[in-house]
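No lab work stands behind these numbers, since they all come straight from the coordinates. Predicted, not measured: the structure shown is a model, and the values here were computed from it. Quick reminder, even Gly has a Cβ in these numbers, built from the backbone with ideal geometry, and neighbours come from all protein chains shown.
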């Protein structure tokens with residue numbers, strides 16, 4: 001082999017080695033020194049959600065509203081598609097989120113609403129101090145989340161009985177929350193038309209997600225833990 005051929009061969013090997021080693025070095029630096037996470041290169045899962053609503057009216061005004069999701073630091077909402085023939089429609093943003101409203105002044109017959117969107121979320125974990133206990137002195141801004149309401153009846157005898165049976169008031173906060181979660185999660189799941197309050201959910205021992213949520217909040221408030229409903 002001539003000197004020129006040997007030089008070309010060595011040069012080719014050098015170039016190939018650089019192309020192989022450079023990505024390896026960069027990846028090593030990213031994950032050992034620059035703080036990159038392997039999770040960043042994993043494929044992300046998105047979900048397609050479709051909601052159908054049906055309503056009937058007989059010559060009266062028809063008004064439908066519900067919360068719809070919004071993009072924030074925890075989730076991205078995209079590809080929203082709405083089909084609601086005959087309705088006047090608007091989306092209003094308020095302190096609780098995005099509220100979608102449909103309206104017909106003189107509705108007569110059957111009506112249908114199709115709503116769909118794509119969703120990509122990011123998990124957010126909250127760590128509760130395992131030594132934390134419910135406090136007697138709650139800041140004024142949170143005291144409203146300890147009150148009894150029409151649908152979260154913390155002073156009702158049924159709620160009081162469940163509280164006595166399921167919860168040890170001397171436990172730490174995290175243990176109380178686990179006890180409430182275990183109880184409400186073990187209840188049968190059943191969709192209901194309309195609103196299910198905390199007492200009704202407890203009496204039937206079955207409820208939709210909304211009914212279980214109100215019962216969860218009622219028991220948490222009973223234990224002195226500020227709690228509220230979140231929807232959307």
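At residue 166 and residue 82, where each label point lies 7 Å from the Cα along Cα→Cβ, what is the point-to-point distance in nanometres?
Distance between the two pseudo-spin positions: 3.7 nm.
Multiply the residue gap between residue 103 and residue 66 by 0.36 nm, knock off their C-alpha separation, and tell me the result in nm, one decimal place. Each step should come with its number before you reach the end.
Details: separation 37, 0.36 × 37 = 13.32 nm, distance 1.22 nm.
Value of the extension gain: 12.1 nm.
Where does the stretch 140-222 land on the Kirkwood hydrodynamic radius, alpha-carbon pairs, in angstrom?
Values: mean 1/r = 0.0781 Å⁻¹.
Across the stretch 140-222, the inverse of the average 1/r is 12.8 Å.
With a Förster radius of 25 Å, plug the Cβ-Cβ distance of residue 50 and residue 209 into 1/(1 + (r/R0)^6) and report the FRET value to the nearest 0.05. Write out the running numbers ahead of the final one.
Details: r = 18 Å, r/R0 = 0.71.
With R0 = 25 Å, the Cβ-Cβ based efficiency is 0.90.
Counting other C-beta atoms within 10 Å, which of 74, 228, 214 has the fewest, and how do the rest follow? Mind showing how you got there, number by number?
Values: 74 9, 228 12, 214 25.
Starting with the residue having the fewest Cβ neighbours, the order is 74, 228, 214.
Sticking with the crude label model, points 7 Å out along Cα→Cβ, report the distance from residue 95 to residue 174 in nm, one decimal please.
Here the answer is 3.2 nm between the modelled labels.
So if each residue of separation counts as 0.36 nm, and I subtract the Cα-Cα distance between residue 58 and residue 130, what length gain in nm does that give? Intermediate results must be reported in sequence, preceding the final value.
On the way: separation 72, 0.36 × 72 = 25.92 nm, distance 5.63 nm.
Here the segment from residue 58 to residue 130 would lengthen by 20.3 nm.
Report the equivalent ellipsoid semi-axes for the stretch 47-121 in whole Å, largest first, defined as the square roots of five times the eigenvalues of the gyration tensor built from alpha carbon atoms.
Three semi-axes, in Å: 26, 14, 8.
Between the alpha-carbon centers of the stretch 96-172 and the stretch 181-232, tell me the distance in whole angstrom.
8
Kindly put 143, 116 in sequence by how many other C-beta atoms sit within 10 Å of each C-beta, fewest to most.
Numbers: 143 11, 116 14.
Listed from fewest to most nearby Cβ atoms, that is 143, 116.
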